[in-house]
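Asks: Mind looking over this structure? Questions follow.
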Protein chains: 2
Amino acid sequence: MTEPLRLGIAGLGTVGVGVVKIVRQKAALLEARGGRPIRISAVCARSRVKDRGVSLDGYDWEDDPVALAQRDDVDVFVELMGGSDGPAKAATEAALRAGKDVVSANKALLAHHGQALAEAAEASNVVLRFEAAVAGGIPVVKALTESLAGNDINRIMGVMNGTCNYILTRMESAGLSYEEAFAEADGLGYLEADPELDVGGIDAGHKLSLLASIAFGTQVAFDAVELEGIGRVSIEDIRQAAGMGYKVKLLGVCRMTGRGLEQRMSPCLVPASSPLGQLDGGTNMLVIEGDQVGQIVMRGAGAGEGPTASAVMGDIIDIARGTRVTTFGQPSHSLVQATPARAGAAAPYYLRLTLLDKPGALAKVAAVLGEAGVSIDRMRQRSHDKETAPVLIVTHKTTRAALDTALAAMDGTGVVRDEPVALRIEKV
Amino acid sequence: MTEPLRLGIAGLGTVGVGVVKIVRQKAALLEARGGRPIRISAVCARSRVKDRGVSLDGYDWEDDPVALAQRDDVDVFVELMGGSDGPAKAATEAALRAGKDVVSANKALLAHHGQALAEAAEASNVVLRFEAAVAGGIPVVKALTESLAGNDINRIMGVMNGTCNYILTRMESAGLSYEEAFAEADGLGYLEADPELDVGGIDAGHKLSLLASIAFGTQVAFDAVELEGIGRVSIEDIRQAAGMGYKVKLLGVCRMTGRGLEQRMSPCLVPASSPLGQLDGGTNMLVIEGDQVGQIVMRGAGAGEGPTASAVMGDIIDIARGTRVTTFGQPSHSLVQATPARAGAAAPYYLRLTLLDKPGALAKVAAVLGEAGVSIDRMRQRSHDKETAPVLIVTHKTTRAALDTALAAMDGTGVVRDEPVALRIEKV
């Protein structure tokens, strides 16, 4: 195997440029470790004239990623364009059909079409790898697919969107409002073109669905992820959480339960002293719990040129070495369609309600909770602010169903203004 | 590849029993993930009659591990006996010569004979994998060898001996003396038969030397690891460190410097707020710094039946899948012999001296430090205790060479009783 491994790189944004730099600057290292030279045959991106700060000399240019994917001098199609459909999907499918191995950083594509793509890869006897699609430089896909393959996985938890963690951290550390922290993240270029992908939890939900598939031998089911973004988390919530020893994190959790596959991505309270609670800024963290290995925690940069390119290169070097692992760790036909288990096990919840300042308002709220079977651990009414008063409640363990019943009935009390905020207190 | 992968397991201690249990209890999972059944053909251990709490029905018994390693019905020789020489070495060599893949948890064997064994594996076109030899269940060998192969590694740091970390944690949290914490760890069965392997830093040094080889493309050089155990760390040191915002950890550090390969395993002060500082009890942690990926932190159980067996199974499943990676991540002939760089870069140090209560004693010590070019950041003399007084000093950044010069001259002052304790303050 001393023939060079020839890459076709589609997408020359941050990550693509990072990959080109590594291939150009580390030829000897890559050849020593991969066992053969790694070269770029051709590239493809939107603009041919843009200065990307790296030389593209010696690479053919393709305007069409599908044409790139099918070139005879491409062994590995490296998909760094992004997008769940459109050119990324067409080119990935074309590459697999043409018998090319594929390395992808595209979480949206895999979350929406992972099963079909895995089947296509196996039909062509090629591999489709995606370490860079989940948590940037953290080697969690490989750890789960390979290192921990002797485990039944009990639970995976993770903070997998650095932008959301940055916003929540800035709200806490600098006392910024959500809007201010959002604007700051935007100014730093941290947000996706469609910010809802970040702050709506969608991007992190994509990643969670990929890990769940590997962990539990199930078909990727992004649509079954219970998604809740961070847009309704207020500085008040963060302060109250801190006062109780918690931090607010956009936390992904997946577990296989007796009722089916639980996949949740939502803002949760986690103990401030836990590894997840201590995770500040744009960093990501994964917590994997296996029946044999116990708890493994992995922390690192979840985005950025170097970290994401590092993950892409890991997959490419695997292919250079001849490593062949199925997309989700077992044959795609053996991946089962899991029943979605909504709402998770019972847990305590943090609630913030805005009450109208009327006599008996608090009693009405307490009654509604009681009728739904939700019992109150702690309650605190803040000093009045014009005609409303915020009320903060920590419940005892309750099911989400019971809580939703209570929240739905709040409207009927006539004393609750705005939609209540309910944050799960997660045991980590 | 639907032929079963057939194992020969040598050593039925904690880890061996764990592996047998997984193979027996997870046949369907292993077959789905490995792509073929995984079976045990034969086993070998010291005692044939001992009740190990797991059935060995259906496995042949071999008294001689070399015979086990050479059996026709063994594809993978799983070496879980331990020991740097003797039967473990003979059987591993026999397996490699006989064309068997080898999965080993034996850090001592690999640290002492890694280069020769890697060459033997390549000569026979077989693989020698050893995830379980480093940090138990934490998939650090794979992360470094595969996931991060596109990085130039800047530094690896790690707490890799859970027993030492347990002792140091107990000294701090329960105020135990070193001797008391040692006795407690011994009572819990945490110590190796030769405790010096743990508390002398040897076991952790073995692990560090293996990671250094992968990270820097160098031949394993355990003899070049600067080793210092935890036996001279006192409760006083731990308290003083805590007062300054530090914790004492048996910390491994390796770096490639302009002067050569630095490998150190010694008790160090690390910031109490850092991930390494927060690591309590028997848990292990690795911090890998790559030029692309930045800092990756991995935490998990460093020992025990389940975690170590998980690592062994990861290697076995890799082999079942057909993954072939060279022992240290690149061909053994390409691994270079690194010049050892002793003593590391300049750093601040914590010193504890026991001074005789004589007039001018402190001035003499300060003069000796000054003459060696070691400048003092902070100094504190504790209240007198009979005829001696402990003096605690934090130096400004200094080289170990300068410090050693000063420490060597302390004896000549006639005012220093006992050997001074010097702990590096590591920037993590």
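Each reported figure results from applying straightforward, stated rules to the coordinates on display, with no laboratory input. No experiment lies behind these values; they were computed from the predicted model shown. Cβ sites come from the backbone with ideal geometry, for glycine too, and all protein chains shown count toward neighbours.
Asks: Looking only at the range B:267-295, count how many residues are part of a strand (DSSP E or B) and either among the aliphatic types (A, V, I, L, M) or touching a Leu at 6+ places or on another chain (Cβ under 7 Å) (or both).
Replies: Step one: list which residues in the range B:267-295 are part of a strand (DSSP E or B), which gives B:267-271, B:283-290, B:294-295.
Still in the list and also either among the aliphatic types (A, V, I, L, M) or touching a Leu at 6+ places or on another chain (Cβ under 7 Å) (or both): B:267-270, B:285-288, B:290.
Residues flagged as part of a strand (DSSP E or B) and either among the aliphatic types (A, V, I, L, M) or touching a Leu at 6+ places or on another chain (Cβ under 7 Å) (or both) within the range B:267-295 amount to 9.
Asks: In addition: For B:SER209, indicate whether it is within 17 Å of the chain's Cα centre (by Cα) and polar (S, T, N, Q). Reasoning before the result, please.
Replies: On the way: within 17 Å of the chain's Cα centre (by Cα): yes; polar (S, T, N, Q): yes.
Yes; evaluated as a whole, the condition is true for this residue.
Asks: Just to be sure I understand, how many residues within the range B:256-275 are within 12 Å of chain A (Cβ to nearest Cβ) and within 22 Å of B:ILE153 (Cβ to Cβ)?
Replies: Number satisfying all stated conditions: 2.
Asks: Looking at B:VAL253 and the list (1) crowded, with 21+ Cβ neighbours inside 10 Å; (2) in a strand (DSSP E or B); (3) facing chain A (nearest Cβ under 9 Å), which single condition is not satisfied?
Replies: (3)
Asks: Collect the residues in the range A:1-23 that are free of Cβ contacts under 8 Å to residues at least 40 places away in the same chain, farther than 30 Å from A:GLY86 by Cβ and within 14 Å of chain B (Cβ to nearest Cβ), keeping them in residue-number order.
Replies: The one that is free of Cβ contacts under 8 Å to residues at least 40 places away in the same chain, farther than 30 Å from A:GLY86 by Cβ and within 14 Å of chain B (Cβ to nearest Cβ): A:THR2.
Asks: Name the single residue that is farthest from the other protein chains (Cβ to nearest Cβ) among those in the range B:129-157 being under 14 Å from B:GLY302 (Cβ atoms), in a loop (DSSP other than H, G, I, E, B) and of a type in the set (A, V, I, L, M).
Replies: Restricting attention to the range B:129-157, the residues satisfying the condition of being under 14 Å from B:GLY302 (Cβ atoms) are B:131-141.
From the residues that got through so far, the ones that are in a loop (DSSP other than H, G, I, E, B) too are B:134-139.
Filter once more, so that each one left must be of a type in the set (A, V, I, L, M): B:134-135, B:138.
Values: B:VAL134: 12, B:ALA135: 10, B:ILE138: 6 Å.
Within the range B:129-157, the match that is farthest from the other protein chains (Cβ to nearest Cβ) is B:VAL134.
Asks: Could you go through the range A:339-348 and let me know if any residue there is under 30 Å from B:GLY322 (Cα atoms), touching a Gly at 6+ places or on another chain (Cβ under 8 Å) and assigned to a strand (DSSP E or B). Quick ask: steps written out before the conclusion?
Replies: Here is the first cut: in the range A:339-348, the residues under 30 Å from B:GLY322 (Cα atoms) are none.
No.
Asks: For A:ASP315, all conditions in the list (1) facing chain B (nearest Cβ under 8 Å); (2) under 23 Å from the mean Cα position of the chain (by Cα) hold save one; what is the number of the exception?
Replies: Only one criterion in (1) facing chain B (nearest Cβ under 8 Å); (2) under 23 Å from the mean Cα position of the chain (by Cα) is unmet by A:ASP315, namely (1).
Asks: So, in the range A:90-111, exactly how many residues are out of contact with any helix residue (DSSP H, G or I) (no Cβ under 6 Å at 6 or more places or on another chain), assigned to a helix (DSSP H, G or I) and surrounded by fewer than 24 Cβ atoms within 10 Å (Cβ to Cβ)?
Replies: 2
Asks: Then there's this: With respect to the numbered conditions (1) within 14 Å of chain A (Cβ to nearest Cβ); (2) part of a loop (DSSP other than H, G, I, E, B), which one is the sole condition not fulfilled by B:GLY229?
Replies: For B:GLY229, the exception is condition (1).
Asks: On the basis of being within 25 Å of A:ALA111 (Cβ to Cβ) and crowded, with 24+ Cβ neighbours inside 10 Å, does A:VAL78 make the cut?
Replies: On the way: within 25 Å of A:ALA111 (Cβ to Cβ): yes; crowded, with 24+ Cβ neighbours inside 10 Å: yes.
Judged against the criteria, A:VAL78 is a match.
Asks: For the range B:24-56, give me each residue that is touching a helix residue (DSSP H, G or I) at 6+ places or on another chain (Cβ under 7 Å) and either within 12 Å of chain A (Cβ to nearest Cβ) or part of a helix (DSSP H, G or I) (or both).
Replies: Residues satisfying the conditions are B:LEU30, B:ALA32, B:ARG33, B:GLY34, B:GLY35, B:ARG36, B:ILE38.
Asks: Next up: Which one is nearest to A:LYS26 (Cα to Cα), of the residues in the range B:282-303 that are more than 8 Å from chain A (Cβ to nearest Cβ) and not aliphatic (A, V, I, L, M)? I'd like the intermediate steps shown before the answer.
Replies: Quick first cut of the range B:282-303, residues more than 8 Å from chain A (Cβ to nearest Cβ) only: B:282-289, B:302-303.
Among the residues that remain, those that are also not aliphatic (A, V, I, L, M) are: B:282-284, B:289, B:302.
Numbers: B:GLY282: 38, B:THR283: 35, B:ASN284: 31, B:GLU289: 17, B:GLY302: 33 Å.
Only one residue tops the list, namely B:GLU289.
Conditions (1) assigned to a loop (DSSP other than H, G, I, E, B); (2) under 19 Å from the mean Cα position of the chain (by Cα), marked per residue:
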| site | (1), (2) |
| --- | --- |
| B:VAL297 | no, yes |
| B:PRO307 | no, yes |
| B:ILE319 | no, no |
| B:THR326 | yes, no |
| B:TYR350 | no, no |
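Asks: Next question. Which of the residues belonging to the range A:403-428 are out of contact with any strand residue (DSSP E or B) (no Cβ under 7 Å at 6 or more places or on another chain), aliphatic (A, V, I, L, M) and either crowded, with 20+ Cβ neighbours inside 10 Å or assigned to a strand (DSSP E or B) (or both)?
Replies: A:ALA406
Asks: Starting from the range B:359-376, keep only residues that are assigned to a loop (DSSP other than H, G, I, E, B), then list their pairs with residues that are of a type in the set (Gly, Ala, Ser) whose Cβ atoms are within a distance under 6 Å, requiring at least 6 positions of separation or different chains.
Replies: Every condition considered, the pairs that remain are B:ALA372/B:ALA402; B:ALA372/B:ALA406; B:GLY373/B:ALA402; B:VAL374/B:ALA402; B:VAL374/B:ALA406.
Asks: Specify which of the listed residues (A:GLY86, A:GLY99, A:GLY53) is without any contact (Cβ under 8 Å) to a residue 60 or more places away in the chain and within 20 Å of A:ALA320 (Cβ to Cβ). Step through it out loud before you land on a result.
Replies: On the way: A:GLY86 fails: within 20 Å of A:ALA320 (Cβ to Cβ); A:GLY53 fails: within 20 Å of A:ALA320 (Cβ to Cβ).
Testing whether each residue is without any contact (Cβ under 8 Å) to a residue 60 or more places away in the chain and within 20 Å of A:ALA320 (Cβ to Cβ) leaves just A:GLY99.
Asks: Sort out which residues of the range B:264-275 are closer than 15 Å to B:GLU289 by Cβ and crowded, with 24+ Cβ neighbours inside 10 Å, and write them in order of number.
Replies: Keep residues of the range B:264-275 that are closer than 15 Å to B:GLU289 by Cβ, which gives B:270, B:274-275.
Result: B:VAL270, single match.
Asks: Which condition breaks for B:VAL126 when tested against (1) without any contact (Cβ under 8 Å) to a residue 40 or more places away in the chain; (2) among the β-branched types (Val, Ile, Thr); (3) part of a helix (DSSP H, G or I)?
Replies: Tallying (1) without any contact (Cβ under 8 Å) to a residue 40 or more places away in the chain; (2) among the β-branched types (Val, Ile, Thr); (3) part of a helix (DSSP H, G or I), B:VAL126 fails exactly one: (3).
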